[in-house]
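Participant: Got a structure for you, written out below as structure tokens; questions coming shortly.
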Amino acid sequence: MSFASLGLIDPLLRNLQDLNYRTPTPVQVKAIPAVLSGKDVMAAAQTGTGKTAGFALPLLQRLVQHGPAVSSNRARVLVLVPTRELAEQVLQSFIEYGKGLDLRCLAAYGGVSINPQMMKLRKGVDVLVATPGRLLDLNRQNAVQFDQVQTLVLDEADRMLDLGFARELNAVFAALPAQRQTLLFSATFTDDIRAMAANILRGPVHISVSPPNATASKIRQWVVTVDKKNKPDLFMHLVAENNWKHALVFVKTRNGVDYLAAMLDEAGYAVDTIHGDKPQPARLRALERFKTGEVQMLVATDVAARGLDIDDLPLVINVDLPIVAQDYVHRIGRTGRAGASGVAVSLVCADEAPQLAAIEALIRQTLRREEEPGFEAEHRVPQTSATGEIIKKPKKPKKPKVPQVAPGAMQVPGKKARPQSGADKRKPAAPRAVAAGKGTSLSSGSPFSAQKPRSKPAGGRGKRQP
Ligand code: AMP
């Protein structure tokens with residue numbers, strides 16, 4: 001099967017050749033002809049399947065071949081996405097695939113000044129990729145009107161609902177022309193998504209390229225059980241032991257991100273971070289540095305889970321499990337893309353058993369468990385099963401001696417738990433110092449150590465020269 005046989009025009013084929021896309025992926029084989037023919041589409045396709053090209057290529061072709069030029073403050077194709085990162089990524093895809101086609105494309109999202117977006121919309125755009133909130137803002141200010149919208153794309157629709165955009169989406173649906181093409185892409189199909197699909201799609205072509213909610217089969221994934229307080233140390237230990245050099249690391253909280261980043265930095269890794277409190281240009285810069293290899297470790301909260309397009313990322317490390325099970329699929333979707341193989345490791349503590357059970361039910365498999373010598377969990381992580389069952393409930397946790405954080409989150413210093421010693425107030429120590437039994441560490445002298453220091457396996461972290 002070739003792209004040419006799917007009916008794509010020469011300029012697009014040339015661009016694909018330049019990008020070294022040789023054969024269409026399964027979702028592209030099904031989506032491209034359907035979208036070209038003007039039909040609605042409902043596609044169960046997770047990130048990494050090539051879904052963006054699946055809708056962008058045929059839409060670019062339709063824009064070139066059909067319809068009048070766009071008027072000022074109008075858009076012909078509207079792509080709704082959950083996050084700014086995904087907005088930028090999808091925009092880049094349209095630009096790359098549509099090189100030389102003389103179409104105007106724009107991404108509009110919150111967190112940055114609205115004025116440049118309003119200016120760019122004055123001439124009208126062929127493709128507007130937007131997050132729902134900012135799109136409505138622009139619409140309220142008459143910067144964009146919807147009467148020329150021919151096609152609406154909902155990309156990662158499940159994630160938009162997870163992020164609480166249901167009201168905004170309904171407002172957009174109500175404002176769009178009834179006569180239009182609608183394409184809905186979602187990694188998972190919950191009842192809410194199905195209800196939304198029933199409301200907005202007309203006789204859609206159904207596409208499912210892998211079992212819904214399954215993770216890419218080429219990804220090797222397992223969990224390492226550990227006590228919550230030992231997660232940062234275990235993380236550093238695993239990175240050093242396995243000589244992991246390029247990884248995307250997920251942590252639940254912003255503080256956790258900063259804390260791990262400081263540890264990695266201290267240990268000599270090139271590291272950057274992405275979280276919701278970081279301005280958008282800084283996030284994009286971090287992503288770019290990670291993509292080019294300037295940064296080895298990118299530590300992120302879930303805000304970055306979607307929309308990161310990184311080729312050949314071999315490894316995702318979940319230092320905390322996500323609260324929403326679907327986010328696990330999105331997180332590890334960063335690796336094993338477009339047929340590549342990857343590794344996803346999750347550090348799991350007893351509190352996270354319900355999240356683990358929910359993830360296993362979603363992906364319909366029980367994740368292999370490992371223990372790392374020297375980091376065995378004292379609070380046993382209850383057994384879980386692929387039916388979402390927790391086989392034995394965890395014992396009621398003892399009264400905590402450390403500050404409470406979100407369930408399962410890696411613990412980071414909080415105001416109430418300032419260490420007593422001056423040394424502990426400083427940045428976390430390099431793991432090598434911990435292995436050598438000197439200096440400070442999260443497990444030996446920090447407020448996270450409710451228990452006595454552990455002895456680390458011989459030859460552990462000390463071996464690494466990052
Ligand atoms: P997506 O699922 O749209 O996020 O795409 C996942 C990755 O696969 C991106 O890095 C794309 O550039 C890449 N990709 C998409 N389609 C193809 C193709 N037919 N051949 C090679 N790479 C592709």
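The values are calculated or read from the model by the stated rules, or taken from the named source; none is laboratory data. The model shown is predicted, which means the values in this text are computed figures rather than measured ones. Note that each Cβ is placed from the backbone with ideal geometry, even for glycine, and that neighbours are counted across all protein chains shown. The area values use the complete protein model at the heavy-atom level, side chains included, leaving out ligands, DNA and RNA. Shrake-Rupley method; radii C 1.70, N 1.55, O 1.52, S 1.80 Å.
Participant: Give the distance, in whole Å, between the Cα centre of the stretch 37-62 and the Cα centre of the stretch 168-213.
Facilitator: 13 Å
Participant: Ordering 123, 291 from largest to smallest accessible area (1.4 angstrom probe), what's the sequence?
Facilitator: Ranked list, largest accessible area first: 123, 291.
Participant: Taking a probe of 1.4 angstrom, what is the accessible area of residue 109 in Å², to the nearest 10?
Facilitator: It works out to around 20 Å².
Participant: Using a 1.4 Å probe on the protein heavy atoms only, what accessible surface does residue 155 show? Give it in Å² to the nearest 10.
Facilitator: 0 Å²
Participant: Once ligands and nucleic acids are excluded and a 1.4 Å probe is used, how much of residue 84 is accessible, expressed in Å² to the nearest 10?
Facilitator: 50 Å²
Participant: Determine the share of the stretch 163-284's accessible area contributed by carbon and sulfur atoms, expressed in whole percent, with a 1.4 angstrom probe.
Facilitator: 49 percent
Participant: How charged is the neighbourhood of residue 190? Take every other residue with its Cβ under 12 Å from the Cβ of residue 190, and add Lys/Arg as +1 and Asp/Glu as -1.
Facilitator: Net charge in that neighbourhood comes out at -2.
Participant: From the P(r) of the stretch 219-391, can you give the percent of Cα pairs sitting at distances over 23 Å?
Facilitator: Above the 23 Å cut-off, the stretch 219-391 has 35 percent of its Cα pairs.
Participant: Go ahead and run the numbers for FRET between residue 175 and residue 280, Cβ-Cβ distance against an R0 of 25 Å, rounding to 0.05.
Facilitator: 0.45
Participant: Still on this structure, I have one more. At 7 Å along Cα-to-Cβ for each site, give me the label-to-label distance between residue 198 and residue 112 in nm.
Facilitator: Going by the 7 Å Cα→Cβ label model, 3.9 nm.
Participant: Which value in Å is the Kirkwood Rh of the stretch 24-177 over different Cα pairs?
Facilitator: Working: mean 1/r = 0.0646 Å⁻¹.
Here the Kirkwood hydrodynamic radius works out to 15.5 Å.
Participant: What is the sum of charges around residue 76, taking Lys and Arg as +1, Asp and Glu as -1, for the other residues whose C-beta is under 13 Å from the C-beta of residue 76? Please report the intermediate quantities before stating the final value.
Facilitator: Numbers: positive: 62, 74, 104, 123, 180; negative: 126, 147.
Every neighbour counted, the sum reads +3.
Participant: Distance in nm between label sites at residue 72 and residue 1, each 7 Å beyond Cα in the beta-carbon direction?
Facilitator: Going by the 7 Å Cα→Cβ label model, 4.5 nm.
Participant: Find the Cα radius of gyration of the stretch 109-214, compare it with 2.2 N^0.38 Å by division, and give the number to two decimals.
Facilitator: Working: Rg = 14.7 Å, N = 106, 2.2 N^0.38 = 12.9 Å.
In units of the 2.2 N^0.38 Å rule of thumb, it is 1.13.
Participant: Once R0 is set to 51 Å, what does the formula 1/(1 + (r/R0)^6) return for the Cβ-Cβ distance between residue 370 and residue 13, expressed as a FRET efficiency to the nearest 0.05? Walk me through the intermediate numbers first.
Facilitator: Values: r = 46 Å, r/R0 = 0.91.
So the FRET efficiency works out to roughly 0.65.
Participant: Take 236, 1, 118 and sort them by solvent-accessible surface of the protein heavy atoms, 1.4 Å probe, largest at the top.
Facilitator: Highest to lowest solvent-accessible surface, that is 1, 118, 236.
Participant: To continue, here is another question. Taking a 21 Å limit on the Cα-Cα distance, which of the listed pairs 252/278; 51/99; 99/120; 228/291 fall beyond it?
Facilitator: Violating the 21 Å limit, Cα to Cα: 228/291.
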